[in-house]
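Below is one structure, written out as structure tokens, with a few remarks after it.
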Amino acid sequence: MKKIIFMGSVVSLAIWVLSCNQESAKEQTAATVSKDSLIKRGDYLVTTMGCDDCHTPKKMGPAGPEADMAARLSGHPAGSILPPRKPGAGTDGWVLFNMSQTATVGPWGVSYSANITSDSTGIGMWSEEQFSNALRKGKWKGLDGARELMPPMPWPNYARLSDEDLKAMYTYLMSTKPVKNIVPAWEPPAGPPPPPPAAAQ
């Protein structure tokens, strides 16, 4: 009788262990599928929202400038030197873009598109909350108390994204190839435009 009870207990224990393992496997599969679907959704959003337009350097192709996918989403190249600005550039009624569309001169000064790859020089060390703060509140590096993001970053539009979309974008960007690139810091305005030349006598 004791032997039968013991065998019954062993069988019950085995069934319980097997059941737990199956549940754990299902949970792991669900998590993988969920992450894969987030990455896919994030890729779609990043691509269709035009993040490459400013955050990916350009190179000349057969039909003109095209995104340099080897440096995708790495922002303004650290070694790229802009032409000298004329006095008052950006405060004279014009906004200027460099050929790669990674640097912009306007009344706010000179802004450089950020590295948003998963590298530590990009957003690789950011928390999801920082990412959300950057797009929802327009805060530099998503830090409370930091300066606002400069134009042409359209964060007021992105502030309307759903929590799910922001999570998908963050998950996707954290899965991207890390590209080491330290983007130059924002530069304040160069000053007011020079006065018009005096009329000839």
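The values are calculated or read from the model by the stated rules, or taken from the named source; none is laboratory data. Owing to the predicted nature of the structure, the values given are computational and were not obtained by experimental measurement. Every residue, glycine among them, receives a Cβ derived from its backbone with ideal geometry; neighbour counts consider all protein chains shown.
Points to keep in mind about this one:
- If you go through region 46-69 and pick out every residue that is more than 27 Å from TYR170 (Cα to Cα) and not aliphatic (A, V, I, L, M), you end up with 4.
- GLY145 meets all of the listed conditions (1) closer than 19 Å to HIS76 by Cα; (2) over 13 Å from the mean Cα position of the chain (by Cα) but one, namely (1).
- Of the residues THR56, THR47, the single one that is within 17 Å of ASN115 (Cα to Cα), under 26 Å from the mean Cα position of the chain (by Cα), surrounded by fewer than 13 Cβ atoms within 10 Å (Cβ to Cβ) and modelled with pLDDT of 85 or more is THR47.
- Residues that are surrounded by 22 or more Cβ atoms within 10 Å (Cβ to Cβ) and of a type outside the set (A, V, I, L, M) within region 112-148 comprise TYR112, SER113, ASN115, THR117, GLY122, listed in sequence order.
- Being over 16 Å from CYS54 (Cβ atoms), at pLDDT 95 or above, part of a loop (DSSP other than H, G, I, E, B) and not polar (S, T, N, Q) is a property that PRO193 lacks.
- Taking each residue of region 175-201 that is small (Gly, Ala, Ser) and looking for partners that are at pLDDT 95 or above with beta-carbon atoms closer than 6 Å, six or more apart or interchain, yields SER175/ILE39.
- Of the candidates MET153, MET169, the single residue that is assigned to a loop (DSSP other than H, G, I, E, B), out of contact with any His (no Cβ under 8 Å at 6 or more places or on another chain) and surrounded by 13 or more Cβ atoms within 10 Å (Cβ to Cβ) is MET153.
For every residue, the table says whether it meets (1) more than 27 Å from MET169 (Cα to Cα); (2) in contact (Cβ under 8 Å) with a residue 60 or more places away in the chain; (3) of a type in the set (Gly, Ala, Ser); (4) touching a Lys or Arg at 6+ places or on another chain (Cβ under 6 Å).
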site	(1), (2), (3), (4)
ARG41	no, yes, no, no
ALA71	no, yes, yes, no
ALA114	no, yes, yes, no
SER118	no, yes, yes, no
GLY138	no, no, yes, no
